[in-house]
Amino acid sequence: MATPEAVASASACPLDCPDACSLTVTVEDGRVTRLDGSAANPVTRSYICAKVRSFADHLYGKDRILWPQRRTGGKGSGSFERISWEEALDDVAANLTKVRAESGGEAILPFSYGGSNGYLSQDTTDARLFRRLGASRLARTVCAAPTGRVAAAMYGKMPGVAFADYVKARLIVVWGANPSASGIHLVPFIQEAQKNGARLAVVDPRRTPLARRADLHLALRPGTDLPVALAVIRWLLAEGRADLPFLAKQTHGAEELFRRAEPWTLAHAAEVAGVSAEEIEALARLYADSSPAVIRCGWGLERNRNGGSAVAAVLALPAVAGKFGVPGGGYTLSNSGAWSLSAEAAVGEPEQDTRVVNMNKLGEVLTEGQPPVRHLFVYNCNPLATMPRQELVRRGLLREDLFTVVFDQVLTDTARYADVVLPATTFLERLELSRGYGSFALQQASPVIAPVGEARSNHDVFAELCRRTGVARPDDVETAEAVLEAVLRSSPRGEELRADLAAKGVAAPDSGFHPVQLETVRPRTPHGRIDLLPKELEREAPGGLYGYWPDPATKDHPLALISPATGERISSTFGQLHRRLEPVRLHPADAEARGIRDGDRVSVSNEWGEVVCPARVSPDVRPGVAVLPKGLWSHNSENGATANALAPDTLTDIGEGACFNDARVEVRRLPPRP
Ligand code: SF4
């Protein structure tokens, strides 16, 4: 028998990860047999994470949805029968039409998040369909809402320090991020900087791999980043280390920031954060003494009641200490704002003034919302695994009068509750245009294989639903290629981007690959200065910007539960491939106080739910903290619940974001499993 010929094709990863790897995909006999990194993206430098290296398991695994299905058993049973696309689209379109006619468009809730960060997979034809139906609008706030609001108000989303320029820094502060698990391409640049003599400080409740290598590790109590950052700001001023000329020339609001930092002495912040005053002073001194100094601000610090103000205080640090204006100096948060691209022109329908549903409140909206949601259309998202108040979400999904459509690549926990399941293509089976929000890279990827089973692209399915619900118009942008063109045309540099994509496979944003903050890129605020006290944030934060809200722990629920990302999943993506029970991690002192030993069966619980799982006793977790990974699926615990079952649906001070890290729990030893 002849050996199939191996064909290598270029692609790019559009998953929800900062790095945006360029890829080489090997296809043999029409099947993907290998994924590797390619050199097209200069930051990701020909290597990729283990998650995507094993992408063939996702493409061809037993959980892949191969054809449309209709529910045959009870909701949540996962019992379905195969139906044709014709039947499935007719069912879905008929229900959309019926619900709209009987209850109004707002009874339809489209629900999506970052399952793909591609421009062609979200906010294009889907937006056209749901806007024309007058559906409820979704506030996509589960992640990056506080950081996005703050970065926009303070800096106008100025592009950040490029990962490659971290090698020029003398100090790197990694604050609330764990690049070893998510965003791995930053790590070698940090290591190279350390080899060059740079110092490394890590602020994180856990001893992450980078914290182990750091010169300084501040293991804060979750939710106390704000007082610590304010104490550093206060110290810089008190010690004469604040850059007053820079503040006078380049910022607004410094005086009031200092006034609000004044109560946060090192001792006061130390007491609240559960670290020593000496450790906070060491961080402040190291920061003042080092230049260039760069802060990698992550998303861990936003996920609590003080999240927005905490991010604002951390982003104020380079302004206060005068760290801008040199390569390798400043901060990096999300670089999504570096791109002035949008698919809006391809939508063909302005946004409607309909009800806005905060996605973090999905459970409440499904169980108590007015008007009641009667049609839930889920795509690019697995809300049962990723939204707070998991048991309330589940109760909502169990409603017999709710028609749920899940359009996904694999049978997720949410899909098991669907009335109709539709098979979606992955990025290897369709055209995509995507940009990194860490690395500065725009990439176009053509399909490298035919769709697996009967999978269809988001674009195709939403365009078809427009037709079947009678809202399509003759001048609609119809093909994926035309949507891509419209996205490129939305930039004044569209021609140049197109040429770079064709010639090099990758294009840079206006700022180029190596922006220097306050030198080659400037704050894009209305006055062109850094705003340390933006009026809109001041109005929004319940206690005013930089106001601190104390820890929500109670006597019954004293432990702070955090749910950080791991190297196995991207949020919940790839969760079907990891089926073992996941342990809750506890510090040895907390375990001993509860009579818990490594491997014991335990209950992690609070007023919202319970997770039954094994315990792992680990000195890498600070005392008073419990850790259960983010994005787990029901098969990862004994009782089908995950950390999200314990997460409150309260919202952050700014941006109405999720407060996952405000979950407070107790952990109890259980008898061994019968
Ligand atoms: S998930 Fe991130 S690290 Fe992995 S291949 Fe995609 S962009 Fe690269």
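The values are calculated or read from the model by the stated rules, or taken from the named source; none is laboratory data. Note that the structure is predicted; figures quoted are calculated from it, not measured. For neighbour counting, all protein chains shown are included, and Cβ atoms are generated from backbone atoms with ideal geometry for every residue, glycine included. What goes into the accessible areas is simple: the full protein's heavy atoms, side chains included, and nothing from ligands, DNA or RNA. Shrake-Rupley method; radii C 1.70, N 1.55, O 1.52, S 1.80 Å.
Please work out which residue is nearest to the ligand (Cβ to nearest atom), limiting yourself to region 150-188 and to residues that are among the hydroxyl-bearing types (Ser, Thr, Tyr) and open to solvent by 10 Å² or more (accessible area, probe 1.4 Å). Within region 150-188, the match that is nearest to the ligand (Cβ to nearest atom) is Ser182. For region 568-584, the count of residues that are within 23 Å of Thr208 (Cα to Cα), open to solvent by 40 Å² or more (accessible area, probe 1.4 Å) and in contact with a Ser or Thr (Cβ under 8 Å, 6 or more places away or on another chain) is at least one. Looking only at region 189-207, residues that are without any contact (Cβ under 8 Å) to a residue 40 or more places away in the chain and open to solvent by 20 Å² or more (accessible area, probe 1.4 Å) come to 6 in all. For region 112-128, check the following and say yes or no: at least one residue is within 30 Å of Ala282 (Cα to Cα), modelled with pLDDT of 95 or more and in contact with a Phe, Trp or Tyr (Cβ under 7 Å, 6 or more places away or on another chain). No, region 112-128 contains no residue that is within 30 Å of Ala282 (Cα to Cα), modelled with pLDDT of 95 or more and in contact with a Phe, Trp or Tyr (Cβ under 7 Å, 6 or more places away or on another chain).
Residues are listed down the side, and each one gets a yes or a no for (1) touching a helix residue (DSSP H, G or I) at 6+ places or on another chain (Cβ under 8 Å); (2) near the ligand (Cβ under 8 Å from one of its atoms); (3) closer than 28 Å to Ala144 by Cβ; (4) part of a loop (DSSP other than H, G, I, E, B):
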| site | (1), (2), (3), (4) |
| --- | --- |
| Ala20 | no, yes, yes, yes |
| Pro42 | yes, no, yes, yes |
| Ile48 | no, yes, yes, yes |
| Ala56 | no, no, no, no |
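For region 22-31: of the residues being within 14 Å of the ligand (Cβ to nearest atom) and of a type in the set (A, V, I, L, M, F, W, C), which is surrounded by the fewest Cβ atoms within 10 Å (Cβ to Cβ)? My answer is Val25. Taking region 571-623 as the range and being touching a helix residue (DSSP H, G or I) at 6+ places or on another chain (Cβ under 7 Å), under 27 Å from His58 (Cβ atoms) and β-branched (Val, Ile, Thr) as the test, only Val611 passes.
More than 14 Å from the ligand (Cβ to nearest atom), open to solvent by less than 40 Å² (accessible area, probe 1.4 Å) and under 24 Å from Ser439 (Cα atoms): does that describe Ser9? So Ser9 fits the description; yes. At least 1 residues being open to solvent by 10 Å² or more (accessible area, probe 1.4 Å) and among the hydrophobic types (A, V, I, L, M, F, W, C) is the threshold, and among the helices (runs of 4 or more DSSP H) wholly inside region 288-378 those reaching it are 344-347, 362-368. Tell me yes or no: at least one residue of region 76-86 is at pLDDT below 95 and either within 16 Å of the ligand (Cβ to nearest atom) or on the phi < 0 side of the Ramachandran plot (or both). The answer is yes, given that some residue of region 76-86 is at pLDDT below 95 and either within 16 Å of the ligand (Cβ to nearest atom) or on the phi < 0 side of the Ramachandran plot (or both).
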